[in-house]
Amino acid sequence: MTVRVVPLGGLGEMGRNSLLIEGEREAFLIDGGMMLPDDYMVGVDAVIPDFSPLREVGEKFRGVFLTHGHEDHIGGIPYLVRDFRVPIYGTPLTLELLRGKLEDWGLEGELECIVIDEGEEVNFGEFSFTPYAVPHSIPGGVGFVIRTLEGVVVHSGDFKMPSSLTETGKRVLGEAREEGVSLLLSDSVNAEVPGRAGSEEFVGGRLRDIIAGTSGRFIVATFSSNLARISEVMQAAHENGRKVFISGRGMERSVEVGRKLGYLPPGEEIPVYPVEKSSRYPDDEVVLLTTGAQGEPFSALFLISRGEHRHIFLKGGDTVVLSARMIPGNERAVARLIDGLCRQGARVVYQGVGEVHVTGHGCREDLREMIRMTNPASFVPIHGEYRQLAHHADLAHEEGVENVIIAETGDVLELKGGRVFLNGEVLVRRVMVDGNGVGDVDDQVLKERRDISRSGVVVVSMGLTSDGEVLDGPEFVLHGVTDGETRKRLVEQVREELLEELPHLVRGRSGEEVREAVRVCVRRFFRRHLQRKPVVIPLVRVS
Ligand SMILES: [Zn+2]
Ligand SMILES: [Zn+2]
């Protein structure tokens, strides 16, 4: 037989990680994440993997294994489970985060969730999955050793610092190495970054130093899923005699889940209060935990930066720490956020000014170590844009891996007798989600949206006889074209011009042709007067 490994997302792009692994009688998906839309995808909420190849897999599809609870790994699952009812395997935190998502969708009853444990093999006929715990920026992350009839595959998950794997993790990978790893699939996010990723404890130390040197309030923004970071902040607050306040639903939920699963100190030890109570305490007793480090509009931190938050008004002496990575594409929003916070009088510490964040992904030396620990016959870099995959591939060459393949989303990899090769591709679309619509926004719709957003819309409405006599109108509605004064003047002019031209436009033409002629005439007018090309919609009735 042949084992097929097909990335449905995440290779040659950042996000929507999802990998299909398929044998003769069984097939599994590893992760089903979402991706943030590109700027050109106007109005799109998210991009998810194209799960349609699973239809062909059909009855063989036995389940989804999740590496961890980040959006780029579980964000597409709600869309998947609407069409495919298969068990979902994950660690307790990952499944808890997924359940929270499904509850929002009213889908929580639909799912069979199966808890996996580090070192505990989940065995099927053709495949077995053995998870091992990995350090990452969210707890509960795992990689997998996957045993197939054609060879051993290691899927790294998102990881850093392979040297600090647990004893069980080292044993699981050690055994795989003994048997011989046919294929290593490894996280490429930081393949361009030299050195090693830092540890959470290091950031914890920095945060402690900053709190100790702050006389005013101490505000920390981080991702709500980074429970290790949240725990560090809670401990640091506690040690400095400060109380912890939280803001935002995401943060509240994280604290609840983190406590339930033992990732955060219990409430009796370090209580947490809602932000509105913070004003009752002196400034030097307040630590506020919040989200919004990406400058997301209307997040608590965004409102604080504009002086519009209901409970927190910054002043001199307050310190704000952005303890998170700046997601590429958010640079301007974050810069505006920092400007706003500074303008309110706070001291702002962020990446570049202070070492208040560490990455969750292994850097080059970590990645090198992973290759050495598994000693694979074949290597395929995953989880990265093309340049990151290319850098990671170079690293594998440096390490003397025999067979290094750069694959992209949709490429088909085949594993046979321990050998891996590329064999064709499957069609994998970028499935865009907008509101309730999944996949109904395509390139044509995006083009229409961009056209409208660039120069606005002009609707022209009129009724004509087939001889060209005007029965009503023309009326014009302009949206997003120009301001009130200019609009008034231009509408008068364009009406005049259209009426003048009308006899030529109508003569000998069908209704459809008249509409098109009116559209062109109006569009030409705006182009001439404003150097703009609004979308013109002619509502012309010819009777
Ligand atoms: Zn991750
Ligand atoms: Zn990831």
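The values are calculated or read from the model by the stated rules, or taken from the named source; none is laboratory data. Nothing here was measured: the structure is a model prediction, and the numbers come from that model. In this analysis, Cβ positions are derived from the backbone assuming ideal geometry, glycine residues included, and neighbour counts consider all displayed protein chains. Note: areas computed on protein heavy atoms with side chains; ligands, DNA, RNA excluded. Shrake-Rupley method; radii C 1.70, N 1.55, O 1.52, S 1.80 Å.
Taking the C-alpha atoms only, the angle from helix 200-212 to the longest principal axis of the chain is near 80 degrees.
So how much slack lies between Asp38 and Glu192, counting 0.36 nm per residue of separation and subtracting their Cα-Cα distance, in nm?
Working: separation 154, 0.36 × 154 = 55.44 nm, distance 2.19 nm.
The Asp38-Glu192 span can extend by a further 53.2 nm.
In region 253-297, the convex hull through the Cα atoms has an average projected area of 4.5 nm², a quarter of its surface area. Summarising the amide proton neighbourhood of Cys113: residues at separation of 5 or more, or on other chains, whose placed amide H is nearer than 5 Å comprise Ile88. In the frame of its principal axes, region 271-399 has Cα extents of 62, 33, 22 Å, reported largest first. Residue ranking by accessible heavy-atom surface, 1.4 Å probe, largest first, among His70, His479, His155 comes out as His479, His70, His155. Compute the Cα gyration tensor for the chain, then decide on rounded, prolate or oblate, letting a ≥ b ≥ c be the square roots of its eigenvalues: rounded whenever a/c is under 1.5, prolate when a/b is larger than b/c in the other cases, and oblate in all that remain. Oblate is the answer for the chain, as a/c is 1.5 or above yet b/c matches or exceeds a/b.
Seen through its C-alpha gyration tensor, with square-root eigenvalues sorted a ≥ b ≥ c, region 338-451 comes out oblate because a/c lies at 1.5 or above while a/b is not bigger than b/c.
Accessible area of Lys260 (1.4 Å probe, protein heavy atoms only, ligands and nucleic acids ignored): about 140 Å².
Tyr281 contributes an accessible area of around 70 Å² to the protein surface, as traced by a 1.4 Å probe with all chains present.
On full extension, the segment bounded by Glu256 and Glu492 gains 78.8 nm, given 0.36 nm per residue less the C-alpha separation.
In summary, the lysines within cross-link reach of Lys416, defined as a Cα separation below 25 angstrom excluding same-chain residues under 8 places away, comprise Lys60.
Ordering Thr290, Thr359 from largest to smallest accessible area (1.4 angstrom probe), what's the sequence? All intermediate terms of the calculation are to be shown ahead of the outcome.
On the way: Thr290 0, Thr359 35 Å².
Largest accessible area first, the residues go Thr359, Thr290.
Axis angle, to the nearest 10 degrees, between helix 364-374 and the longest C-alpha principal axis of the chain: 60 degrees.
Each residue of region 478-491 was assigned a 3J(HN,Hα) from its phi angle through the Karplus curve 6.51 cos²θ - 1.76 cosθ + 1.60 (θ = phi - 60°); the sequence is 10, 9, x, 9, 7, 7, x, 4, 4, 4, 4, 5, 5, 5 Hz, with glycine and proline shown as x. Express the carbon and sulfur contribution to the solvent-accessible surface of region 444-495 as a percent, rounded to the nearest whole number, probe 1.4 angstrom. C and S fraction of accessible area: 47 percent.
Cα centroids of region 357-436 and region 81-158: 20 Å apart. Once you order the gyration tensor axes a ≥ b ≥ c over the Cα atoms, which shape class does region 48-177 get: rounded for a/c under 1.5, otherwise prolate or oblate by comparing a/b with b/c? The shape class here is oblate. Spacing of the modelled spin labels on Phe298 and Ile270, each 7 Å from Cα toward Cβ, amounts to 3.1 nm. Straightening the chain between Glu201 and Val353 buys 52.8 nm, computed as 0.36 nm per residue apart minus the Cα-Cα spacing.
Per-residue ellipticity at 222 nm for the chain, helices alone: DSSP H runs ≥ 4 residues times -39500 (n - 2.57), over residue total, nearest 500 deg cm²/dmol?
Details: 15 runs with 180 residues, N = 543.
Result for the chain: -10500 deg cm²/dmol, rounded to the nearest 500.
Quick check: with the 1.4 Å probe, what order do Met34, Met14 take by accessible area, largest first?
On the way: Met34 40, Met14 65 Å².
So, going from the largest accessible area down, we get Met14, Met34.
For Tyr273, the amide hydrogen comes within under 5 Å of the amide hydrogens of Val244, Phe245, Ile246, counting only partners 5 or more places away or on other chains and with H modelled in the peptide plane.
Accessible surface calculations at 1.4 Å, restricted to protein heavy atoms, place region 200-349 at 45 Å² per residue.
Across the accessible surface of region 200-349, with the other protein chains kept in place and a 1.4 Å probe, carbon and sulfur atoms take up 49 percent. Through the Karplus equation 6.51 cos²θ - 1.76 cosθ + 1.60, θ set to phi - 60°, convert the phi angles of region 435-446 into ³J(HN,Hα) values in whole Hz; use x for Gly and Pro. After applying 6.51 cos²θ - 1.76 cosθ + 1.60, I find x, 7, x, 10, x, 8, 9, 10, 4, 5, 4, 4 Hz. Between the Cα long axis of helix 511-530 and the first principal axis of the chain there is an angle of about 80°, rounded to the nearest 10.
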